[in-house]
1. From the list LEU133, LEU225, pick out the single residue that is open to solvent by 30 Å² or more (accessible area, probe 1.4 Å), at pLDDT below 65 and of a type in the set (A, V, I, L, M, F, W, C).
2. Given (1) at pLDDT below 95; (2) over 14 Å from the mean Cα position of the chain (by Cα), where does ARG91 come up short, assuming only one miss?
3. Taking the options GLY42, GLY96, name whichever one is more than 15 Å from LEU247 (Cα to Cα) and in contact (Cβ under 8 Å) with a residue 12 or more places away in the chain.
4. Among the residues of the stretch 153-189, count how many are modelled with pLDDT of 85 or more, surrounded by 14 or more Cβ atoms within 10 Å (Cβ to Cβ) and in a loop (DSSP other than H, G, I, E, B).
5. Taking the condition surrounded by fewer than 19 Cβ atoms within 10 Å (Cβ to Cβ) and part of a helix (DSSP H, G or I), does ALA76 pass?
6. Which one of the conditions (1) at pLDDT 95 or above; (2) out of contact with any Asp or Glu (no Cβ under 7 Å at 6 or more places or on another chain); (3) farther than 28 Å from ARG214 by Cα does GLU27 fail to meet, given that it meets all the rest?
7. Quick check on my filter: what residues within the stretch 49-68 are at pLDDT 95 or above and not in a helix (DSSP H, G or I)?
8. Report, by residue number, each residue of the stretch 190-222 that is of a type in the set (A, V, I, L, M), open to solvent by 10 Å² or more (accessible area, probe 1.4 Å) and not in a strand (DSSP E or B).
Amino acid sequence: MSEILRFQDWSDPVPPGDRELVSKLPEDDEGRPPLLFVPGMGHGAWAFAEHWLAHAAARGFPAHAVTPRAGGDLRAQAHDVVQTAAALPRRTVLIGHGTGGRVVARALGRYPARAAVLVAPVLDGWAALGSALKANPAGTVPALFGGRLTFSARQLFGTALPAEEAAAHLERIGARPRAELFGRDTLPDPVGDPPTLVVGSPDDRVVGRPALDRAATRYGGAPLLFPGMGHYLMLETSWQEPIDAILDWLQKN
């Protein structure tokens, strides 16, 4: 698969595109690897800027969140991630959420990441589609015919998040998914075999426990689970728990 991707990049290169980068840097540079957070469909760098970027920087990690080009396919978005990571001063840790986890998985076939973290990753579009139809059929069916995919608070967040906060986030979340997201990918083997962690919640209504287990098995481990949280771990009331666990894991690896 990696050879196919490299040939395609040579024969049909991804054109330049605009991407947003939001950064929070530690007060003192201790030489720790940069973190590059990659959002999934329906949200952007803002979702990490709410809590995780500043918290990671406070713990000594240069923290960046990229919003890949709007409307780009998975190959173009992976290209944006690789280009952004390559421009950072040290080998970077790639952290992808939702379909951003799928983008990171593709980018790992081209970029020798220091490590990778897949947060509630949507690696199997069919499984995610089935979960969406079960949890929120009215908001999901229009997307099957080119319409907008809309979400409910129950679908994305745990019960501990105040209703007004969930509503404010929902106003910023939504997209028209490309057809390729509904299928399954043959993901490339990561270059350099970086340590890879899968993080999620057994109560996630987008990425269920079986999908988390499959993703973790794909990368040779077990998922790190946070019960009671929803799909958007970085926006929950207890957002600090998963990011601290991720940073602790990075320090050990």
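1. LEU133
2. Status for ARG91: all satisfied but (1).
3. GLY42
4. Within the stretch 153-189, residues that are modelled with pLDDT of 85 or more, surrounded by 14 or more Cβ atoms within 10 Å (Cβ to Cβ) and in a loop (DSSP other than H, G, I, E, B) number 6.
5. When the stated conditions are applied, ALA76 passes them.
6. (1)
7. The answer is GLU50, HIS51, ARG59, GLY60, PHE61, PRO62, ALA63, HIS64, ALA65, VAL66.
8. If the condition is that a residue be of a type in the set (A, V, I, L, M), open to solvent by 10 Å² or more (accessible area, probe 1.4 Å) and not in a strand (DSSP E or B), then VAL191, VAL206, ALA211, ALA222 are the ones that fit.
The values are calculated or read from the model by the stated rules, or taken from the named source; none is laboratory data. No experiment lies behind these values; they were computed from the predicted model shown. With ideal geometry, Cβ positions are generated from the backbone for all residues, glycine too; neighbour counts draw on all protein chains shown. Calculation scope for accessible area: heavy atoms of the full protein, side chains included, ligands and nucleic acids excluded. Shrake-Rupley method; radii C 1.70, N 1.55, O 1.52, S 1.80 Å.
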